[in-house]
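Structure first, then comments.
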Amino acid sequence: MTDSKYFTTTKKGEIFELKAELNSDKKEKKKEAVKKVIASMTVGKDVSALFPDVVNCMQTDNLELKKLVYLYLMNYAKSQPDMAIMAVNTFVKDCEDPNPLIRALAVRTMGCIRVDKITEYLCEPLRKCLKDEDPYVRKTAAVCVAKLHDINAQLVEDQGFLDTLKDLISDSNPMVVANAVAALSEIAESHPNSNLLDLNPQTINKLLTALNECTEWGQIFILDCLANYTPRDDRESQSICERVTPRLSHANSAVVLSAVKVLMKFMEMLPKDLDYYGTLLKKLAPPLVTLLSAEPELQYVALRNINLIVQRRPEILKHEMKVFFVKYNDPIYVKLEKLDIMIRLASQANIAQVLAELKEYATEVDVDFVRKAVRAIGRCAIKVEQSAERCVSTLLDLIQTKVNYVVQEAIVVIKDIFRKYPNKYESVIATLCENLDSLDEPEARAAMIWIVGEYAERIDNADELLESFLEGFHDESTQVQLQLLTAIVKLFLKKPTETQELVQQVLSLATQDSDNPDLRDRGYIYWRLLSTDPVAAKEVVLAEKPLISEETDLIEPTLLEELICHIGTLASVYHKPPSAFVEGSRGVQHKRLAGSSGSGESVESPDTGSAAGVSEAPPAVIPSQGDLLGDLLNLDLTPTTTGPPPPASTGMQMGAMDLLGGGLDSLMGDESEPPPIPLRTDTPQSPQLPHQSPSPPDYSPTELGGDLGGSPAMGAPFGAPPATMPASFNAPVSGGLDDLFDLAGGVGMPMGAYNPPKTLWLPAMKAKGLEISGTFVRRAGVIQMEMTLNNKAMSVMSDFAIQFNRNSFGLAPAGPLQILTPLSPNQSIEAALPLSTVGPVMKMEPLNNLQVAVKNNIDVFYFSCQYPISMLFVEDGKMERQVFLATWKDIPNDNESQFQIKDCHLNSDAASNKLQGSNIFTIAKRTVEGQDMLYQSMKLTNGIWVLAELRVQMGNPNYTISLKCRAPEVSQCVFQNYEMVLKN
Amino acid sequence: MIGGLFIYNHKGEVLISRVYRDDIGRNAVDAFRVNVIHARQQVRSPVTNIARTSFFHVKRSNIWLAAVTKQNVNATMVFEFLYKMCDVMSAYFGKISEENVKNNFVLIYELLDEILDFGYPQNSETGALKTFITQQGIKSQHHSKEEQSQITSQVTGQIGWRREGIKYRRNELFLDVLESVNLLMSPQGQVLSAHVSGRVVMKSYLSGMPECKFGMNDKIVIDKQGKGGSSEDGAKSGKQSIAIDDCTFHQCVRLSKFDSERSISFIPPDGDYELMRYRTTKDIILPFRVIPLVREVGRTKLEVKVVIKSNFKSSLLAQKIEVRIPTPLNTSGVQLICMKGKAKYKASENAIVWKVKRMAGMKESQISAEIELLPNDKKKWARPPISMNFEVPFAPSGLKVRYLKVFEPKLNYSDHDVIKWVRYIGRSGIYETRC
């Protein structure tokens, strides 16, 4: 019992010592040594050097030792494929062992060794094991088919293992059935269209029989598989449900939730007037409640799922409010989830209790939890009208506590209550105003400003209040700035006489001193509205606003349907479809509920996800990832250059405004012929744009649009922009992405590729008088190595030949080195060697390192040189812009690297031209706040795409470059290449 | 499915790392350490997504267990598996501590190889595992052929939790009904919420493959049997039966039989196991009633009087009684008088803790306290609830074991030969009275 000693290391010479011990004659010593090796492996040391010695210990009759050796093999076989072959014989032999435990062990381990040659040898033993007399071996072999499929899918199909696996569904042993189901389900996921899991009433019957007999885990596999089946009619649906319901009493929560999934799905098929339908609904509640007495982590998963279930079928848990009351010692993640569900279940019947609870929670310690509780009170008010008054008074009580974050949160929700019940609770405004100074969060400030603006006519000192915010206008967040602008305009429209100065001040702050396009746009719109037609302005700005809806954070119905089909899984925990967090083409199948009612057309609509995942169509709702491309798709696009300016503008003369008087005149200058203002249409939304991002439980998006978005005058042309209007405003805001990308072609004529000058590769001193300098060029798609060979020795050199070591991109001479004449002393000769990229590959450090051997009649000389990676950029490296977008999104942010290029004095167009010479293609360009962003792509000879975003700031010699690539190790090289090309 | 499983110590050093899937790299080990174990802010979810890799974790004392995946796995199953893994490890070597994990790392790797194949959980019942995963590696070589096939059929069979051929000289059964009773009561004595969560925990030492049948005073069963009887009978049995809201069973119980006949029949595992869990909300016997009286005397003084009344048969004794009375944050001094037990003001916990060792049924006792307050505090005191702990020798849900029958047709012992022990323990869960 002192195995822990293996974790303490002896550092120096350890590997050497271990080697000796592994080769010891004494069995015990050997075993000790293997244990040490495994311990080292665990803590992350590289013990791959011991491969042959460890594998030598494999042939042993000591099962414990054997298992340890196997563990080692699974870890290192991939890095030592040639030596792993040594193990094959033992595996094959073990697969014939009389002991079923050993047969199974061999086949289980073999499947984990991902070496092609071993895989070939695996087929025969696997075939035997699938038909083994012992169920233990068969159940292991079943899983092994899935392993093999993961390594080589074609092989599995060719060998007919899929059929054998299907046969195992009828096996007499329940565990074999369960594992076969698991394996088939996994394989079927990667072939969405195959009818692999040919589920028909007969197989379903077999599965349901096995369900009663197999282990808890097996039951989960079977239930998860059953959930993919679509019963033919309601009778079949009911009979399956009847056989699944007993699982709801299982002690394993996963069995319970998987059963719930099957029931929730199949229930859709049942007519609602059926007695059984009601029975089923009643049966679902108790097990869901029981899940809440499980361990906290399971409670968390259960609560996330209940959140979905409650949205889909609120009737199931409507009487169970109390069980979601927060317990003092619940972990915070459980508390937050319970709170969410409490609000979903809140109704007139239980609101008193809920409010009492929420009030208790608002005095807890955890800030997040308290905030959420306060917000919940507001949501109750909006949801249950009868409780609104009580909620408001509770919120006022909370404001009296003067706890800073409680006050702020309360003000945000009171704003929402005002929007749901206008002109009802204005009496509280005075209290709110008292707390004005303590608000430091943008959301709370914005909410307060909105309230002041909206009820300006009832607040005597509204102008003073708003003016106080104006002082630090530019330090406020956009949200607050926009709100302040709107509020002051409202105030002005309500009390025009006293607030002229104020409104002019804010308009000029917004339009002239701000570089935020949203703010400017809104400022100009107000300005023009006020100057052209004050009556219309009043109609627009003070229009009656639509009431906010009751349920604000419901999951979008199609997503909800999909998530219901994923109950119990990670998707249901994240509330995101699997495609949002699973890489590659796997799991992109969208599941839908097939209902007798509702919108279900087909059950599964498989996506056409290509292997690269490039064209992986995102689902209807994807979470906003907040990455760069997301920004690109956003509304605040301001492309600078060409693009047809839409004909617009009815030039309004300055004299037309009487409302604002002379003060405004001076602001606007004397220009009588204003430049045309483009018609603003709604920015076209790319299909990738989320229809509804899972918004946090606040209403900020609606809020922003509340005043402006809905106004009918929005799209109409306005006149009279001031002379000082920034250039970007003149550009069309419409067109969005498409226009942006049309620029790509017009970037200008490419210049020739930059070829670095020759550098000295092999000094004469090191090579008995042979001096080689050289460089690499790419011409018309051919890579050449250009060398000058200089004979500085005293004798003639001849018989030149060249060879490369294996390298990162498989560069190899495409032909022999053509130096036909002997090289006399002090003579030099130029040689060009065409290169191919089909040679053997080995990763080098640095990546673009090339080791070369040159032979002549005297000796062989070695040197290494580095080639610019642009040699490998192929001519068709220009990506389609849609593909670019998708790829950029698809590559995880971890793979992004950022670099600075210093002291580069090119403008963006010149840079783009220069880069194009090296097959770095500019796909799109956009300009934001004086910064040019170039989106570029390049493709390496081995098919790796590199995507780049180059940021060039006017007048700043430092460029920033972000590179994204599926193989992030190339980024450094690519960056160096950029630097080289741009600086020369 | 599960792509890998790591065990770390509290410092974030890896003790065990087993990777099952090719999509999980070594960097996942570090990602979890950096983003969860060493995270500056305490992690607020047991599931963490780091760079499209999901990590599930549970903690046992100082030890972190993390399961990793890149796929849309069954999250519930992953957590259930992690708990199971903990159970199995405890069954093999006791407490899960760094020392024990290091000492048994070879065994843990062997277990991980057996109970998780390509990320799919396999049979993880300790009873079965112990037959062929032993710490003496050599021994497993010497199984005879019959023994081997017996092992494999048990591991894969319908009764994976029990091996054949168990023999005891004395056939014994221990049955514990363990309940925790939860209450939230208003100051006026109105029950806001109350429920009992109970467990039936067994220890069985029985020979062979016995078939057991467990019966309790479940209302549904009693009503069914009472059908056709006189109405008087019905009323009588109605009093003694309890309504169970929901129950879950160990995997040895035949669920379909429970679903159709509501009878609990099973072949038990050997040794300790939890047969069932249940929950009731109706007709709960609340063992104690707490009556609080709080009076604010001016701004600097508070008078608190708390009466507890025991509400069960006078022949029974409750134990380990503890009442916690929260005090305001600005308390400067407390004077206490109690009739029974010991009481103390604990300033660090902002509470008066009153302990009574034993108390018989149908009694009452009281404590009075004078709390002096510092006047400067502006905030109103939130008045947290008074909580209570205790242990009573009966089941507050009213559950009664009616029978536990054992049939072993192949061996010659009968139900009468089995020595059975039944015990009821009721404990307080969250037992609070607002004041």
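Using r as the Cβ-Cβ distance of A:LYS166 and B:GLU274, and R0 as 41 Å, what FRET efficiency do you calculate, to the nearest 0.05?
My answer for the efficiency is 0.65.
Scan around A:TYR754 for amide H atoms under 5 Å from its own, H built in the peptide plane at 1.01 Å from N, and keep only partners 5 or more places away or cross-chain.
Those lying under 5 Å, H to H, from A:TYR754 are A:SER918.
Using the Cα atoms of segment A:906-958, I'd like the radius of gyration and the largest Cα-Cα distance, Dmax, both in angstrom.
Cα-based Rg and Dmax for segment A:906-958 come out at 11.7, 38 Å.
Given a cut-off of under 8 Å on Cα pairs at least six residues apart, what relative contact order in percent is computed for chain B?
Computed over chain B, the figure is 15 percent.
On full extension of the chain, what length is gained from A:GLU434 through A:VAL841, given 0.36 nm per residue of separation minus the C-alpha to C-alpha distance?
139.3 nm
If packing is taken as the mean number of other Cβ atoms within 10 Å per residue, what is the order of A:270-282, B:59-71, highest first?
Result, highest mean Cβ count within 10 Å first: B:59-71, A:270-282.
Starting from the 7 Å offset along Cα-to-Cβ, what nm value, one decimal, do you get for the label separation of A:ASP894 and B:ARG170?
Using points 7 Å along Cα→Cβ, the separation is 5.8 nm.
For segment B:360-421, count the residues as N, evaluate 2.2 N^0.38 Å, and divide the Cα radius of gyration by that value, please.
Dividing the Cα radius of gyration by 2.2 N^0.38 Å gives 2.48.
Which of B:PHE407, A:PHE776 has the fewest other C-beta atoms within 10 Å, and how do the rest follow up to the most?
B:PHE407, A:PHE776
Using only atoms on other chains, find how many Cβ atoms lie within 10 Å of each Cβ of peptide B:78-85 and report the average.
Counting Cβ atoms of other protein chains within 10 Å of each residue's Cβ and averaging gives 6.
Hey, which aspartates and glutamates would be in cross-link range of A:LYS545, C-alpha to C-alpha under 16 Å, not counting anything within fewer than 8 residues on its own chain?
Within reach: A:ASP416, A:GLU454, A:GLU703, A:ASP707.
Calculate, axis by axis, the spread of Cα positions in segment A:472-525 along the three principal axes, and write the results as whole Å, longest axis first.
Taking the Cα atoms of segment A:472-525, the three principal extents are 30, 17, 15 Å.
Which part of segment A:204-222 falls in the paramagnetic zone of B:SER90, meaning amide N under 20 Å from the point 7 Å along Cα-to-beta-carbon?
A:216-217
For the protein assembly as shown, what is the calculated [θ] at 222 nm in deg cm²/dmol (nearest 500), taking -39500 (n - 2.57) for each run of four or more DSSP H residues and dividing by its residue count?
Mean residue ellipticity at 222 nm (helix-derived): -11000 deg cm²/dmol.
Can you give me the relative contact order of segment A:872-983 as a percent, contacts being Cα pairs under 8 Å and 6 or more apart?
Contact order relative to length: 33 percent.
Taking only the Cα atoms of segment A:759-867, how large is their convex hull per residue, in Å³?
92
Quick check of the Kirkwood formula: for segment B:4-124, what is the inverse mean of 1/r over all pairs of different Cα atoms, in Å?
14.4
Return the FRET efficiency for the residue pair A:SER48, A:LEU547: r is the Cβ-Cβ distance, R0 is 51 Å, and the value is rounded to the nearest 0.05.
Once the sixth-power term is evaluated, E becomes 0.15.
Mind checking B:44-52 for the average number of partner chain beta-carbons within 10 Å of each residue's beta-carbon?
Taking the mean over all residues of the peptide, I get 6.
In nm, to one decimal, how far is the modelled label at A:ASN984 from the one at A:GLU498, with both set 7 Å along Cα→Cβ?
7.2
For a quick protection proxy, order the peptides A:832-842, A:910-920, A:459-469, A:174-184 by their average other-Cβ count within 10 Å, most packed first.
A:174-184, A:910-920, A:459-469, A:832-842
Please state the equivalent ellipsoid semi-axes for chain B: what are the square roots of 5 times the Cα gyration tensor eigenvalues, largest first, in whole Å?
They are 45, 35, 19 Å, listed from largest to smallest.
Before anything else, pin down the relative contact order of segment A:441-532: Cα pairs under 8 Å, at least 6 apart, normalised by residue count, whole percent.
28
For a protection proxy built on the mean count of beta-carbon atoms within 10 angstrom, sort A:260-269, B:326-335 highest first, please.
A:260-269, B:326-335
Give me A:ARG127, A:ARG522 ranked fewest to most by other Cβ atoms within 10 Å of their Cβ, as a rough exposure proxy.
Listed from fewest to most nearby Cβ atoms, that is A:ARG127, A:ARG522.
At each listed q (0.05, 0.08 Å⁻¹), what is the log10 of I(q)/I(0) that the Debye formula gives for the protein assembly as shown modelled as equal alpha-carbon point scatterers?
Taking Cα atoms of the protein assembly as shown as identical point scatterers yields -0.52, -1.22.
Using only the Cα atoms of segment A:215-368, what are the Rg and Dmax in Å?
Cα-based Rg and Dmax for segment A:215-368 come out at 16.8, 54 Å.
Enter the mean number of other protein chain beta carbons within 10 Å of the beta carbon of each residue in A:206-218, as an integer.
Counting other chains' Cβ atoms within 10 Å and averaging over A:206-218 gives 5.
Could you calculate, for segment B:237-334, the ratio of the Cα radius of gyration to the Kirkwood radius, expressed as Rg to Rh?
Ratio of gyration radius to Kirkwood radius: 1.20.
Tell me the volume per residue, in Å³, of the convex hull enclosing the alpha carbons of segment A:378-425.
57
Quote the FRET efficiency, to the nearest 0.05, computed for A:TYR328 versus B:SER97 with a Förster distance R0 of 35 Å and r equal to the Cβ-Cβ distance.
After rounding to 0.05, the efficiency reads 0.75.
Taking segment A:441-532 on its own, what percent of its Cα-Cα pair distances exceed 19 Å?
Result for the distance tail: 31 percent.
With a point put 7 Å past each Cα toward its Cβ, work out how far B:ARG26 is from A:GLU457 in nm, to one decimal.
If labels sit at B:ARG26 and A:GLU457, their model points lie 7.3 nm apart.
Return an integer: the convex hull volume of the alpha-carbon atoms of segment A:784-826, in Å³ per residue.
Spread over its residues, the Cα hull of segment A:784-826 gives 92 Å³ apiece.
Mind jotting down the three principal axis lengths of segment B:288-392 based on Cα atoms? Whole angstrom, largest first.
50, 23, 21
For segment A:872-983, with equal point scatterers placed on the C-alpha atoms only and solvent neglected, what are the log10 I(q)/I(0) values from the Debye formula at q = 0.10, 0.12, 0.22 1/Å, to two decimals?
For the requested q values the scattering log ratios are -0.25, -0.36, -1.30.
Each value in this text was obtained by applying a stated rule to the coordinates, not by laboratory testing. None of the values given here were measured: they were computed from a predicted structure. Neighbour counts are summed over all protein chains in view; Cβ atoms, including those assigned to glycine, are modelled from backbone coordinates with ideal geometry.
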